[in-house]
Each structure stands twice: as structure tokens, then as C-alpha cells.
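To start, the structure under review is shown below, and the notes come after it.
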């Protein structure tokens, strides 16, 4: 419960900061450096959020690999190699990686792979389908990694 409250508080602060920066842009239109600085600030915030999300996703993938006794769990930290780790956890052929590169087919293959990962963790396979739901896709890897 405390984590949810902290997350809401953080989101509130970030939305307030974004609103202040958005409203300050027209007031600073006379100076060309200020909008560039605001853009740099937003990019820094997005970079931090992206880094936090990547660490969370990699930790969850590595934990799932360790719990399913999959070799080379450290591949979770390498951007392209983690797809091969997902295929190893799901016990799917490695040539499926080629299918990941096809735009719509790749999304479907990822869902199928995560459905198999959920089954490897003895969870219902519909947890893999939740990856297409915007907020649930943040919860699914953590649930599959750290639940009993």
C-alpha cells in the first residue's frame, strides 16, 4: 500500500513539474535558450524513467531465468540477447527471433513467448496476453518473477 501511495505522490509531483514547465515556455519565448533547456530537462526525466524501467525489466527477466533454471540468466541485461533468453525460458526454437523482427508478427510472437514463460512459472498463460494492456505490462514481469 505504501508503494502505491509513493508512486501516486511521485506521479503527482512529475505532473505538477510538467505543467509548470509547459506554462513557463510561452513566457520565456523571448530567449531561445530556455525552451532548449526545458527540452533537455524533459529528455533527462524520460532518460531516467527509461533507465529505471530497463533495470526493472532486466531484473525481472533474470529472476525468471534463475527460477526456471535457464542457463545464461545474465543475458537479461543485453538488449537484443534478452530476446534469446526469453525464447530459452519459454523453450521455443531460437529461430523465432527472426519473427520478432517483423513488425506485427513480432508483437504476436512476443505475446506467445510470454504466455509460455507464464506457463513455465506455473501461472495461467493469460498473464502473457496482459502485455498488450498498457499499465499491466509493467506488472506482468514483476509478478512472474517475484510471486511464489
(request) Could I get the Rg over Rh figure for segment 95-148? Both from C-alpha atoms, Rh via Kirkwood, rounded to two places. (result) 1.00
(message) Suppose each label sits 7 Å from its Cα in the direction of the beta carbon; what would the residue 38-residue 74 distance come out to in nanometres?
(response) 4.5
(request) With label points built 7 Å along Cα→Cβ from the Cα atoms of residue 81 and residue 54, find their separation and express it in nm. (result) 1.5
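Sorting 74, 127, 86 on the 10 Å Cβ count, fewest up front, what's the list? Display every interim value, and only then the final one.
Numbers: 74 12, 127 21, 86 25.
Going from least to most buried by this count: 74, 127, 86.
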(request) Starting from the Cα of residue 101, step 7 Å toward the Cβ, then list every residue of segment 57-95 with an amide N under 14 Å from that point. (result) 80-81, 84, 95
(request) Evaluate Rg over Rh across segment 52-146, taking Cα atoms for both radii and Kirkwood's formula for Rh. (result) 0.92
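Values quoted throughout were computed directly from the atomic coordinates according to the rules given, and no laboratory measurement underlies them. If you're wondering where the values come from, they're calculated on a predicted model, not measured in any experiment. Neighbour counts run over all protein chains shown; Cβ positions are idealised from the backbone, glycine included.
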